[in-house]
Amino acid sequence: MDLRKVSKDPRIIYLITFILLGVPVLYPIGIPIPISDITRDVYNFIETLPEGSVVVIGIDYGAVSVPELQPQSEALLEHALMKNFKILFISLWNFEAPIYIERTMKAVGMDDYEYGIDYVNLGYFPGEGRAMSSFAEDIHQLAKYDYYGTPIEQLQMMNDITSAHDLNAYLSIAGSGHGQFINMIQTPYNVPWIFGSEAVAATGLIPYIASGQAEGIIIGPRGAAEYEAIIGAIGSATAQMDVQSLVHLMIIIAVILGNISYLMNKGEN
Amino acid sequence: MGEIKMRRKVPMVILSAAGVWIIIDYLISYPVIQQVSLTLRNWSVIIAGFTLMLGAISTSILHGKKIISKEQGWGYSSILMLVLLSTLIIGIVLTPTHPAYEFLYFNAFFPMTTTTYSLLCFFIASAAYRAFRTRNVDATILLVSAILVMLRNAPIGQVIWSGFPAIGDWVMLVPNLAGKRGIIIGVALGSIYTGIRVLSGYEKGLTGGGGE
């Protein structure tokens, strides 16, 4: 194949990409997914929390991040329910997030748990850092009502949860804004923190783990697939892995072939 | 001229006073200071909610003018206004938890957004072949690092060779960590400097004047 033809007409690459995206979805290959230490650290930390711990699941992403972050939310919620935690859902960064809080609860299934006693959904609060700061200092002053309009005093679970001091962990699954969460909630109140982030954003969060400000991170759909394997709840992230593997491999081969073509042209000139 | 000066000075005084009060609250634990600080922060959450509405109002005015004067593209503006108003009315009247709102979101907005972003995959694949070149040493190091991290992230990396995840982890945990740490510290120092300028009134851009 003349590599220079591919440079002039990218449709060949588009076609190969399309095939590699579509075929593994229809005919899964089942490439093994090894569990990395970085994901296992998240699991191990959550396992150390006792039954009845108060855990915030902060869902802060929109439509663009759903393929990477929705599987993480579902896996973490599954694990939190297995451990019988008291779960507080909230969104402090992305105004689309409440719809994904609902979607996560529906996907995992909350029928065996009682609203107001086992879990509460506070919805979205605008203001980013300001909302985070208010939430951390006095939850009842910020959130007078839950997402469904129920006064917070009528929710039994919230009687003992008034500030960030009452939280045993914060599982923050966000498309961005992690730095503000750390500045406004984690560091001033020393809340144990777990990140759930897109793969592209994970590199910026490693310093917080190295400094001990966060206990661990779930990185992209690969991290979610690993977490699904650990807790034994195979889901959408695992289904994505064959596609991710093949497309990544294709991009690597494309880079190598492109540079071979470039060097060959350079040599001829 | 005097009126303009007052219009800039009064907001700056309010801004500085509120900012300093919140800093004092962080440093000194005293009930009255805490309560006022918390009230100020809760007020700012309410104001932030209004700014979301402001975006919708600005968009409506812009596209409304286009529709009325039938400028080029007024048809697209009409569709935008129709969708904006229907989503707003459904959300307010029926609430965002209603199936009608979820239907609109997951059958219109969600597929369009994810489709638009999915196109990036094809462009990246094309750019990988046509644009990512090892023109110099820096570009070569960047490309090699990117390939190693990709092989760490994709399960197939470990299938090809069991050493790839360890190398990818090293790239993330050593050179990446060092660089990102420097960026975080630099951003933090810049934020402190900007904050001091804003609170001391030197940053006049916030009230329409030029900075010093």
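None of the figures in this text is laboratory data; all of them are computed from the coordinates on show. On a predicted model such as this, the values are computed, not experimentally measured, just so you know. Please note: Cβ atoms are built from the backbone with ideal geometry, for glycine as well, and neighbour counts cover all protein chains shown.
Observations on the model:
- Whole-number D in µm²/s for the protein assembly as shown (Stokes-Einstein; Kirkwood sum over Cα pairs; 20 °C, 1.002 mPa s): 85 µm²/s
- Helix A:220-231 axis, angle to chain A major axis (alpha carbon atoms, nearest 10°): 60 degrees
- Student exercise, region B:130-184 dipole from Lys, Arg, Asp, Glu Cβ charges, in Debye to nearest 20: 200 debye
- Residue with peak Gaussian network fluctuation, chain A [Cα springs, cutoff 10 Å], from A:Gln186, A:Gln70, A:Gln244: A:Gln244
- When shorter helices are ignored and each DSSP H run of at least 4 residues is given -39500 (n - 2.57), the per-residue value for chain B at 222 nm works out to -27500 deg cm²/dmol.
- The separation of region B:76-96 from region A:164-235, counted between C-alpha centres, amounts to 35 Å.
- For region A:1-110, size of Cβ-based charge dipole, Lys and Arg +1, Asp and Glu -1, in debye: 440 debye
- Backbone amide hydrogens, once placed in the peptide plane, bring A:Gly196 within less than 5 Å of A:Ser172, A:Ile173, A:Ala174, A:Ile218, excluding anything fewer than 5 places away on its chain.
- Normalised convex hull volume, chain A, alpha-carbon set, Å³ per residue: 158 Å³
- Cα-based reach from A:Lys266 at 18 Å (exclusive), listing lysines while leaving out same-chain residues under 8 positions away: A:Lys5, A:Lys8
- In region A:138-269, a dipole from Cβ-located charges (positive for Lys and Arg, negative for Asp and Glu) runs towards its positive end, and of A:Ala201, A:Pro151, A:Ile230 it is A:Ala201 whose Cα lies farthest in that direction.
- Site pair B:Leu15 and B:Thr59 shows an inter-label distance of 2.7 nm when each label is modelled 7 Å from Cα along Cα→Cβ.
- Kirkwood-type radius of region B:67-212, with distances r between different C-alpha atoms, in Å: 21.7 Å
- Dipole of the protein assembly as shown [Lys/Arg +1, Asp/Glu -1 at C-beta], most positive-end residue of B:Leu173, B:Leu38, B:Ile28: B:Leu173
- Cross-link table A:Lys83/A:Lys144; A:Lys144/B:Lys5; A:Lys83/A:Lys106, entries beyond 30 Å C-alpha to C-alpha: A:Lys144/B:Lys5
- With Cα atoms, 0 to 90° folded angle of helix A:236-268 axis to chain A main axis: 40 degrees
- Segment B:Ile46-B:Phe109, extension gain: residue separation times 0.36 nm, minus the distance between their alpha carbons: 20.0 nm
- Eligible lysines near B:Lys9 by straight Cα distance, threshold 17 Å, same-chain separation 8 or greater: B:Lys204
- Note on the protein assembly as shown: with charges restricted to the Cβ of Lys and Arg (+1) and Asp and Glu (-1), its dipole about the Cα centre is near 2300 debye.
- Residue among A:Ile31, A:Ile173, A:Ile99 with the largest mean-square fluctuation in a Gaussian network model of chain A, springs linking Cα atoms under 10 Å: A:Ile31
- Near the amide H of A:Tyr147, within less than 5 Å, lie the amide hydrogens of A:Asn121, A:Leu122, A:Gly123, all on another chain or at least 5 residues away, with H placed in the peptide plane.
- Between the C-alpha center of region B:155-191 and that of region A:70-108 there is a gap of 28 Å.
- Helix runs (DSSP H) in chain B reaching 30 Å along axis by Cα, Kyte-Doolittle at least -0.5: B:2-27, B:31-68, B:110-130, B:175-199
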